[in-house]
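In what follows, a structure is listed as structure tokens, so that the remarks can point back to it.
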Amino acid sequence: MNLFKKFSLSIACLATSFSFAQTIQFTQVNNLDMMIANIFGVQCDGVSNVQLLAVPLQVGRFENGGILGLNSGLVLSTGVVSGSQQPSGVFNSTGFGTSGDADIANFGANAGQFPTNYDACVVEFDFTPTLSDTIRFTYVLASEEYPEYANTSFTDRFLFLVSENSGAYANIAFLPGTTTPVEINSVNQAVNSQYYIDNLGGPNAGSFVFDAYTTPF
């Protein structure tokens, strides 16, 4: 996940289970290797070589996220994860001044249109599917760029890149039934609005700082 406008904040929440609770809780991850193994280990064998290409404050765990459609899981943020548990009327933003990610900048139909990006948060790991040849994950993209910067030259984007045996990377995070990447320019109040949730006055506005977020994908 990354952004193409400095000093904004977006997150991707990845999870594997569902429940319904009222207040989302965010905590820092002390053992990323164990967390990745817990999330993907049910479907995979030999999860290894976990690497974080980000500031540690950009990664966390969330609980009680049922109102998002996700119970618990991993948070990847372009800012500080602990700031996510604030009312949506608060503008929460942290600029680390770290580099962006070339894969995000150069992906898809608009490759190269956003050459400058900052504060990328990337988690990499190796795994071997064991139960089948398919791996599934559920995620939500939330952003402080909503709604002002939707359909502009700035965009927050989430990619899930998979490489088989060190081959070329392929993204598997698309809008349902399409090859459109998940970003604020492809899901917002005017485009694919069936996947868009306005959080400025919604049921989650008191404890989830982002102005809007997607439905689970």
Student exercise, the range 130-217 dipole from Lys, Arg, Asp, Glu Cβ charges, in Debye to nearest 20: 220 debye
Cα gyration tensor, the range 139-188 - rounded (a/c under 1.5), prolate or oblate: prolate
Added length on full extension, which subtracts the Cα-Cα distance from 0.36 nm per residue, GLU124 to SER163: 13.0 nm
For peptides 121-127, 93-99, sequence by mean Cβ density within 10 Å, most packed first: 121-127, 93-99
For the range 159-209, the Rg and Dmax computed from alpha carbons only, in angstrom: 15.1, 46
Stretch gain in nm, segment ASN151-ARG136, where the contour uses 0.36 nm per residue and the Cα spacing is subtracted: 2.5 nm
Alpha-carbon centroids, the range 43-74 and the range 128-189: separation in whole Å: 15 Å
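Read-outs throughout are calculated quantities, based only on the coordinates presented, and are distinct from any laboratory measurement. Predicted, not measured: the structure shown is a model, and the values here were computed from it. So basically every Cβ, Gly included, is an ideal-geometry build from the backbone, and we count neighbours across all protein chains shown.
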